[in-house]
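Here the structure comes first, spelled out in structure tokens, and everything after it is commentary.
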Amino acid sequence: MKTETFNRILLVIIGALIALIFCGTIIGLARKKTQTPQLLVSKGKAINLAAPANTEIIEYYDLSTIRIVTNPDKNKKDDFGSAMVISPWLAYPKGDTVFFEEIARKQGALKAVFTQYFAEKTQAEILSLGEAKITSDLLAKLNALLSLGKISDIFFTDFIFL
């Protein structure tokens with residue numbers, strides 16, 4: 001008698017778990033997809049470039065993904081700034097291990113340069129500057145922090161406004 005009661009309780013628990021998993025799956029599929037970078041790229045609202053390849057004379061240091069909120073546009077009443085995602089790669093001379101170590105050691109400060117640069121500008125200002133101006137401004141700021149070498153270029157694999 002006790003075994004039958006125990007078996008029934010287990011069957012009820014298993015049935016409830018199956019129903020819970022089924023309902024969770026249906027709700028998860030019915031929800032709207034979030035704006036992931038991959039989804040934005042597929043819709044043409046963002047650019048995702050391939051990571052630069054090392055050459056015989058240049059190597060690249062990946063600063064990883066940086067998330068930034070741009071400065072709000074004072075002319076727009078309900079503008080609180082735009083969320084921005086960037087993935088910068090820094091070009092430096094191949095084989096310069098001492099300079100590589102300096103970049104790695106100062107990675108936090110280098111990321112802060114990107115964050116501060118973009119946070120001081122509105123989305124419209126950033127878009128109007130153009131890639132060449134942004135790159136030259138950032139190169140000057142980054143190289144001012146470095147003493148054992150110079151970054152020759154900056155490439156972005158992600159440059160997305162969300």
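Residues that are more than 19 Å from GLN116 (Cβ to Cβ) and either hydrophobic (A, V, I, L, M, F, W, C) or surrounded by 14 or more Cβ atoms within 10 Å (Cβ to Cβ) (or both) within segment 129-149 comprise ALA132, LEU148, GLY149, listed in sequence order.
What residue, among those in segment 43-70 that are β-branched (Val, Ile, Thr) and open to solvent by 40 Å² or more (accessible area, probe 1.4 Å), is modelled with the lowest pLDDT?
In the first step, residues of segment 43-70 are kept if they are β-branched (Val, Ile, Thr); the result is 47, 55, 57-58, 65-66, 68-70.
Now restrict to residues that are open to solvent by 40 Å² or more (accessible area, probe 1.4 Å): 47, 55, 57-58, 65, 69.
Working: ILE47: 56, THR55: 75, ILE57: 84, ILE58: 88, THR65: 92, VAL69: 93.
Among those residues, the one meeting the criterion is ILE47.
The set of residues from segment 72-101 being exposed (fewer than 13 other Cβ atoms within 10 Å of the Cβ) and of a type in the set (Lys, Arg) comprises LYS74, LYS76, LYS77. How many of the residues in segment 111-128 are buried (at least 17 other Cβ atoms within 10 Å of the Cβ) and touching a Phe, Trp or Tyr at 6+ places or on another chain (Cβ under 9 Å)? Total satisfying the criteria: 2. Among residues of segment 125-141 that are free of Cβ contacts under 8 Å to residues at least 24 places away in the same chain, those with a Cβ under 9 angstrom from a residue that is open to solvent by less than 30 Å² (accessible area, probe 1.4 Å) and assigned to a helix (DSSP H, G or I), sequence gap 6+ or separate chain, pair up as ILE134/TYR117; ILE134/PHE118; ILE134/ILE126; ASP137/TYR117. Any residue in segment 91-105 that is touching a helix residue (DSSP H, G or I) at 6+ places or on another chain (Cβ under 8 Å), in a strand (DSSP E or B) and under 21 Å from PHE161 (Cβ atoms)? Scanning segment 91-105, I find no residue that is touching a helix residue (DSSP H, G or I) at 6+ places or on another chain (Cβ under 8 Å), in a strand (DSSP E or B) and under 21 Å from PHE161 (Cβ atoms), so the answer is no.
The values are calculated or read from the model by the stated rules, or taken from the named source; none is laboratory data. Note that the structure is predicted; figures quoted are calculated from it, not measured. Glycine also receives a Cβ, built like all others from the backbone with ideal geometry; neighbour counts cover every protein chain displayed. The accessibility values were calculated without ligands, DNA or RNA, using every heavy atom of the protein model including side chains. Shrake-Rupley method; radii C 1.70, N 1.55, O 1.52, S 1.80 Å.
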